[in-house]
Each structure stands twice: as C-alpha cells, then as structure tokens.
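Below: the structure, in structure tokens.
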Amino acid sequence: MTDVLSAPSTTSNPVLAAARVIQNRNIGDRYWQLVLEAPTVAERSKPGQFVMLSATRPGELDPVLPRPMALYDWDSTSGHVEIIYGVVGRGTHHLSTFHPGEELRTMGPVGQGFDLGPAAGTRLLVVGRGIGTCSLMAAAADAALQGAHVTTVESAREPRSLFAAEKYASKGISDVHTVTDAEGTSDPDQLAQTLRGHLAHHPPTLILTCGSSRLASLCMQLADEWNARLQVSVEAHMACGLGYCHGCSSGRRSSGLEGPLVCHDGPVFEYDPTTHGYTTMGTHTRTPQQ
Amino acid sequence: MNVPVPPPRPVDLSVTLGSLTLANPVMPASGCFGPELGDLIALDRLGALVTKTIFYDSRSGNPAHRLAETPGGMLNSVGIPSPGMAGFRSSVLPRYTSFDSPVIVSVGGLSQHEYWDVIDNLDDQPIAAFELNVSCPNLEKGGLEIGTDPREVEEVTRGAVQRTRRPIFVKLTPNVTRIDEIAKAAEAGGAAAVTVANTFVGMQIDIERRTAILGNTIGGVSGPAIKPMALYLVYTVAQAVGIPVIGCGGICSTSDALEFLMAGAAAIQVGTATFGRPETMIQIIDQLPEAFAAHNETTAAHFTGSLVAAA
C-alpha cells in the first residue's frame with residue numbers, strides 16, 4: 001500500500017515520439033510482432049518498463065485511449081523497439097492494420113521495471129503466461145548476459161500460442177520450458193512439481209512472473225519454499241501512463257488510502273514474504289542493480 | 001506599382017474570467033492533468049493549470065476497473081482519490097505552482113462545509129482561482145449530487161465566495177434536466193465563471209460475465225463522443241448567464257475549440273484528448289492565432305458567442 005502521494009518516479013524518463021512502423025505481422029494465434037523505430041525509447045528502456053502506444057492515424061479519434069505495451073526487446077544501435085501484442089479488442093485490432101512506414105505515437109519508457117540485483121550467483125526463474133511473457137524477456141536476457149543462470153517457463157493456451165522460444169534462444173537462454181492448456185501441461189500444481197524436480201538441487205534466488213494470477217500464486221509458494229525473491233509484473237487498464245489520472249489503481253475505501261498505481265508505482269511489484277502481499281519496488285533495502 | 005501589404009494584425013489570445021486574466025483560453029480539465037506532464041509538454045504555456053479535485057480529508061478512489069473505452073470516448077470511475085489538505089499543501093500543490101501558469105484548484109466536498117473548509121485552508125496559497133466540482137454526492141442530503149439542486153449550488157457558491165477574494169468557478173454536471181437553471185444559481189451565488197460541463201453518467205457491461213465493466217458499476221463518459229452534447233450545454237448556458245463560460249467536453253483539436261468559443265465559451269478545457277495526445281493543448285495554443293486570423297478576428301473575446309443565427 002502507498003498513499004496517493006506517490007513519490008516522483010526516479011526511473012522513468014519518458015519522451016513523446018512518432019515512431020515509424022518497421023514491421024507489424026502476425027506470429028501465430030492472436031499474437032502480433034510490432035517493430036518500431038524509436039531511438040530514444042531504445043536508449044532509455046529498462047527491463048520491465050512499457051510504452052503507451054496510440055494507434056490512431058492523423059484525424060482519427062478512435063481508439064481514444066493509448067495502450068500500455070511491454071517492451072519485449074530493443075536495440076539502442078538500430079533504435080528499434082520490439083513489442084508483442086495480442087489482438088483482443090477494437091484497439092488492438094486497429095493497431096494490427098498499421099503498415100510499415102506508418103507512424104504510431106508513443107510515450108515512454110515509463111514504469112518501475114524489474115530489479116535484478118547483482119548477477120553474480122543469481123539463479124533466475126521467469127514464469128510467463130500468454131502476452132505476460134513479453135515483460136519478462138528483457139529481464140531474462142539482461143540476467144543471462146550478465147552471467148546469471150536463467151530458467152524460463154512459457155505458458156499458453158495451445159502450442160501455436162507460444163512465441164518466445166526463438167527469442168530466448170537468441171539471448172543465449174537454453175533452459176526453456178513450454179506448457180500449454182491444449183497439451184494438459186499448464187496446470188499450476190503440475191508445473192510446480194516439474195519445477196521442484198528440475199530445480200531442486202539449484203533452486204532460484206529470484207523469480208519473475210507476469211500474465212496469470214494462478215501462476216503468481218504458484219510463484220509465491222515456490223519463493224517461500226526456496227527463500228527466493230519474487231517480482232510480479234501487473235497488467236491494468238490505463239489512460240495517462242504517468243500517474244496523474246489514477247485509472248490503474250485499485251481503491252480501498254475503508255483505509256482512506258489510495259492503492260498503488262500500476263503505471264507509476266509498478267508495473268513491477270515485489271513480493272513481501274512476511275505479509276504475503278506485494279509492495280512497491282524500492283521500498284526495501286537491497287543492493288542496487290549493477 | 002507595388003501595393004503595400006498591411007502588416008498582419010496582432011492576435012490577442014488573452015481572456016478574462018472574473019478578476020483573472022489568462023494569457024490564452026486553453027487549460028486542462030481537472031482529473032485529466034498532472035504536473036507529471038511537465039516532462040513532455042511546456043506547461044508554462046498553458047492558460048492555466050487545473051488540479052485534480054481535492055477533498056479536505058484523505059480518501060481512496062473506487063475499486064478496479066476504473067477505466068473502460070467506449071466508441072469515441074472513455075468511461076471512468078476513478079472516484080477522486082485525495083491526499084487530504086496536509087498532503088496537498090506539502091506535496092501536490094508545490095508541484096503545480098512551480099510552473100508559471102496560474103493554478104486553479106478544483107475543490108470537492110461531501111457537504112457544503114467541506115468545500116468551504118478546503119478554501120479556508122488553501123486561501124494563503126499562491127492560487128489563481130478555485131473551481132468547485134459540484135458533481136460530488138452530498139452526504140448530508142442523502143447522497144444526491146450538490147450540482148443537481150439549484151439551491152445547493154447557490155449556497156455552496158455563496159459560501160465559497162465569502163471565504164476568499166479569489167474568483168470562484170463552478171463546474172456544472174451535465175446530468176440534470178435544466179443546466180441553465182443550475183448555472184443561474186451559480187451566478188446568483190457569486191460565481192465568476194461556470195465550467196460546462198463534467199462527464200455524462202454511463203456504463204458498460206461485459207456480456208460474458210454479466211457484470212458491469214467498471215468496479216463502481218457506473219462512471220462518467222468523456223471524449224469526442226460527448227462533444228455535441230457538451231457544445232449544446234455551453235450554448236444553452238452562455239445564453240442564460242452573464243458570467244463567462246468555460247467550455248469542456250470532448251475537445252481534441254483547434255476546430256473543436258473554435259466551436260466551443262463560437263457557442264459562447266470564453267475559455268476551454270481539454271481532458272480526455274491529453275491521454276492519447278499529451279501535446280493537444282499546446283497544439284491548440286499554437287494554432288489559435290492563425291485560426292483567429294483566418295476568421296478575421298484579433299481577440300478571443302470577439303470570438304466568444306460569435307455564432308451566427310441560421311437564416
């Protein structure tokens with residue numbers, strides 16, 4: 001819990017930009033890969049952060065609200081930023097009609113990302129479900145690059161909904177597990193048994209998860225068992241992306257205090273094993289990220 | 001023979017709202033703005049800054065979901081979370097007053113006295129004006145919105161006017177049968193201007209789950225979808241009162257702003273458009289001089305209410 005006086009963000013340094021579409025293509029099931037030319041975003045992004053994307057052409061009024069989009073991958077040399085999105089409603093359907101050469105309006109990067117801590121001795125487990133895998137990719141890649149051992153789980157409805165294996169491989173991550181509803185392998189209890197068996201001798205020191213409240217509960221159990229840190233990235237409807245509209249918070253009238261803002265205090269929150277709840281990143285003393 | 005080209009007549013964007021003069025008629029709508037935008041746009045260029053509605057006590061907002069998108073608009077039931085007076089004075093207001101633009105504080109209350117207590121508490125601060133958000137439930141009158149009862153509006157306005165030398169604006173709710181009567185009540189209470197209007201009550205349903213999408217079930221509709229209705233309300237109120245009208249409701253562009261001015265608004269507020277295009281207000285300010293010149297006007301005041309009656 002925080003009150004409504006959120007501290008000014010220390011990690012966000014957003015810019016407004018018209019980003020040229022480099023690629024926008026379906027990669028299976030309802031998922032689309034969007035590559036944008038957004039050099040400043042590519043330069044400033046940190047794992048777990050997101051951009052607000054407005055999918056309107058000049059003169060178009062709909063969709064009125066920008067969409068928060070996790071930054072899947074970026075390259076500060078080319079200035080390219082990669083986003084994976086699921087076509088689930090009018091807004092994302094409209095986004096899928098944008099062709100290379102057209103421009104999308106972006107505001108970002110924003111949000112508090114993951115805190116990986118020092119890589120030395122880190123054994124990282126990332127557990128993503130569906131589109132939630134997107135916010136985990138850059139963190140997994142960064143950790144692997146710095147020498148951490150990384151184990152990943154990608155959970156999806158069916159095999160054609162899986163999209164991350166190739167990207168994980170390109171980041172040098174080979175301990176990759178996929179589970180799907182269609183194959184009957186995605187049940188959290190079953191996954192828990194698999195992970196306990198697989199990681200028993202070298203349990204993770206840090207777990208990151210996104211995309212499923214059931215998997216977040218599973219990760220909470222595993223974090224307790226293994227005495228591992230756990231960070232969860234949360235999704236929410238948003239309007240401003242900066243913290244002033246309070247559209248992404250969840251109120252608690254009885255307390256008289258406003259809940260944390262997903263856009264500004266999150267989207268990544270840290271599990272607190274003493275309360276079995278989540279707290280805002282950076283509210284506990286820890287070694288800063290190297 | 002060369003015909004000398006007359007120099008372009010300078011355009012004066014300034015507007016006067018009671019005792020307050022603004023450099024231009026463009027300001028944000030309360031709730032759709034925060035000093036966080038200072039990272040992205042030049043807030044010193046806005047005619048004024050308008051805070052989120054402040055209540056005397058600290059309070060939370062509504063349960064999730066607080067937002068939903070609608071065709072050409074959005075629904076919100078944020079519920080106006082507030083840090084209370086102490087937090088507002090120490091942490092929120094200084095972030096607004098650090099910019100050069102005049103600051104208008106939006107005031108809420110669950111009773112008439114709460115509005116007045118907020119004004120008493122803040123009257124020592126560097127504030128340009130107060131805007132009373134009367135779309136709040138009056139807990140002393142069974143929860144009915146203060147803004148739906150002309151007598152309540154007149155009383156809350158009069159009490160506010162008595163407590164400060166700063167101009168009092170009253171932001172009217174559109175969810176009434178006769179907005180002109182409410183506007184006249186605000187004028188009778190001593191309001192320096194009325195803001196027309198707030199969001200329209202609405203809802204949206206998830207048919208698979210058979211539940212309302214908003215955690216609060218109902219919310220307020222804003223955005224371009226409400227522009228024709230808001231414009232009509234501005235037109236109606238501007239004919240009913242002698243005080244300036246601040247137009248608000250779905251303004252996304254310079255041409256939208258001109259429509260509101262022609263309908264009778266002296267100034268305009270931009271709300272929902274800022275979410276998708278944070279630079280909207282700055283673009284309107286940039287484009288107004290040329291738009292005025294194209295209509296052979298040199299001052300914003302000449303534009304206000306310049307609608308020509310149909311033949």
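The values are calculated or read from the model by the stated rules, or taken from the named source; none is laboratory data. All figures in this text were calculated on a predicted structure; none of them were measured in a lab. No Cβ is skipped: glycine too gets one built from the backbone with ideal geometry, and neighbour counts run over all protein chains shown.
Within region B:65-120, count every residue that is among the charged types (D, E, K, R) and without any contact (Cβ under 8 Å) to a residue 12 or more places away in the chain. Residues that pass the stated criteria total 1. Would you say A:Pro47 is away from chain B (no Cβ under 13 Å), over 21 Å from B:Ile41 (Cβ atoms) and not small (Gly, Ala, Ser)? Taking the combined requirement at face value, the residue satisfies it.
Counting the residues of region B:69-86 that are at the interface with chain A (Cβ under 7 Å from one of its Cβ atoms), buried (at least 22 other Cβ atoms within 10 Å of the Cβ), out of contact with any Lys or Arg (no Cβ under 7 Å at 6 or more places or on another chain) and farther than 19 Å from B:Leu110 by Cβ gives 2. Inspect region A:223-242 for any residue being within 30 Å of B:Glu69 (Cα to Cα), away from chain B (no Cβ under 14 Å) and of a type in the set (A, V, I, L, M, F, W, C) and give the result as yes or no. Yes: region A:223-242 contains one or more residues that are within 30 Å of B:Glu69 (Cα to Cα), away from chain B (no Cβ under 14 Å) and of a type in the set (A, V, I, L, M, F, W, C). Across region A:198-224, the qualifying residues are those that are without any contact (Cβ under 8 Å) to a residue 24 or more places away in the chain and within 23 Å of A:Pro118 (Cα to Cα), and the one among them that is nearest to the chain's Cα centre (by Cα) is A:Ala200. How about region B:236-279: which of its residues are buried (at least 24 other Cβ atoms within 10 Å of the Cβ) and either polar (S, T, N, Q) or within 14 Å of chain A (Cβ to nearest Cβ) (or both)? Correct list: B:Gly249, B:Gly250, B:Ile251, B:Gln269, B:Val270, B:Gly271, B:Thr272, B:Ala273, B:Thr274, B:Phe275, B:Gly276, B:Pro278.
Go through region A:224-253 and report how many residues are assigned to a helix (DSSP H, G or I) and buried (at least 23 other Cβ atoms within 10 Å of the Cβ). Break it down stepwise before answering.
First, the residues of region A:224-253 that are assigned to a helix (DSSP H, G or I): A:224-226, A:253.
Now restrict to residues that are buried (at least 23 other Cβ atoms within 10 Å of the Cβ): none.
So the count comes out to 0.
The residues in region B:53-73 that are under 21 Å from the mean Cα position of the chain (by Cα) and farther than 24 Å from A:Glu235 by Cα can be counted, and the count is 4. Considering region B:299-311, the residues that are in a helix (DSSP H, G or I) and in contact (Cβ under 8 Å) with a residue 24 or more places away in the chain include one that is farthest from B:Asn24 (Cα to Cα), namely B:Phe303. Within region A:191-250, the set of residues being aromatic (Phe, Trp, Tyr) and out of contact with any helix residue (DSSP H, G or I) (no Cβ under 7 Å at 6 or more places or on another chain) comprises A:Trp226 only.
In region B:175-192, the residue that is surrounded by the fewest Cβ atoms within 10 Å (Cβ to Cβ) out of those that are among the acidic types (Asp, Glu) and more than 15 Å from B:Leu132 (Cβ to Cβ) is B:Glu181.
Residues in region A:120-165 that are among the β-branched types (Val, Ile, Thr), in a strand (DSSP E or B) and surrounded by 24 or more Cβ atoms within 10 Å (Cβ to Cβ): A:Val126, A:Val127, A:Val150, A:Thr152, A:Val153. When region A:1-45 is limited to residues that are under 20 Å from the mean Cα position of the chain (by Cα), surrounded by fewer than 22 Cβ atoms within 10 Å (Cβ to Cβ) and under 16 Å from A:Asp265 (Cα atoms), the one that is modelled with the lowest pLDDT turns out to be A:Ser9.
For the structure I just gave you, tell me whether B:Val103 is touching a Pro at 6+ places or on another chain (Cβ under 9 Å), within 25 Å of A:Gly259 (Cα to Cα) and more than 7 Å from every other protein chain (Cβ to nearest Cβ). Give the derivation first.
Working: touching a Pro at 6+ places or on another chain (Cβ under 9 Å): yes; within 25 Å of A:Gly259 (Cα to Cα): no; more than 7 Å from every other protein chain (Cβ to nearest Cβ): yes.
It is false that B:Val103 is touching a Pro at 6+ places or on another chain (Cβ under 9 Å), within 25 Å of A:Gly259 (Cα to Cα) and more than 7 Å from every other protein chain (Cβ to nearest Cβ).
Residues that are at the interface with chain A (Cβ under 9 Å from one of its Cβ atoms) and either part of a loop (DSSP other than H, G, I, E, B) or modelled with pLDDT of 95 or more (or both) within region B:30-44 comprise B:Gly31, B:Cys32, B:Phe33, B:Gly34, B:Pro35, B:Glu36, B:Leu37, B:Leu40, B:Ile41, listed in sequence order. Please list, ordered by first then second residue, the pairs with beta carbon atoms under 6 Å, 6 or more apart or interchain, first in region B:198-215 and more than 30 Å from B:Pro28 (Cα to Cα), second part of a loop (DSSP other than H, G, I, E, B). Hits for this filter: B:Asp206/B:Ile213. Annotation: of all residues in region A:99-119 being more than 13 Å from the chain's Cα centre (by Cα) and surrounded by 18 or more Cβ atoms within 10 Å (Cβ to Cβ), the one that is farthest from the other protein chains (Cβ to nearest Cβ) is A:Gly117. With respect to the conditions (1) part of a helix (DSSP H, G or I); (2) more than 14 Å from every other protein chain (Cβ to nearest Cβ); (3) not small (Gly, Ala, Ser), B:Asn296 falls short on a single one, namely (1).
Filtering region B:46-61 for residues that are facing chain A (nearest Cβ under 7 Å), more than 18 Å from A:Ser249 (Cα to Cα), surrounded by 21 or more Cβ atoms within 10 Å (Cβ to Cβ) and not aromatic (Phe, Trp, Tyr) leaves an empty set. Scanning region A:54-98 for residues that are within 14 Å of another protein chain (Cβ to nearest Cβ), touching a residue at least 60 places away in the same chain (Cβ under 8 Å) and more than 24 Å from A:Gly128 (Cβ to Cβ) returns a single hit, A:Leu65.
Looking at region B:27-63, which of its residues are among the hydroxyl-bearing types (Ser, Thr, Tyr) and in contact with a strand residue (DSSP E or B) (Cβ under 7 Å, 6 or more places away or on another chain)? Break it down stepwise before answering.
Residues of region B:27-63 among the hydroxyl-bearing types (Ser, Thr, Tyr): B:30, B:51, B:53, B:56, B:58, B:60.
Within region B:27-63, B:Ser30, B:Thr51, B:Thr53, B:Ser58, B:Ser60 qualify.
Tallying residues that are within 20 Å of A:His149 (Cβ to Cβ) and assigned to a loop (DSSP other than H, G, I, E, B) within region A:183-214 yields 6.
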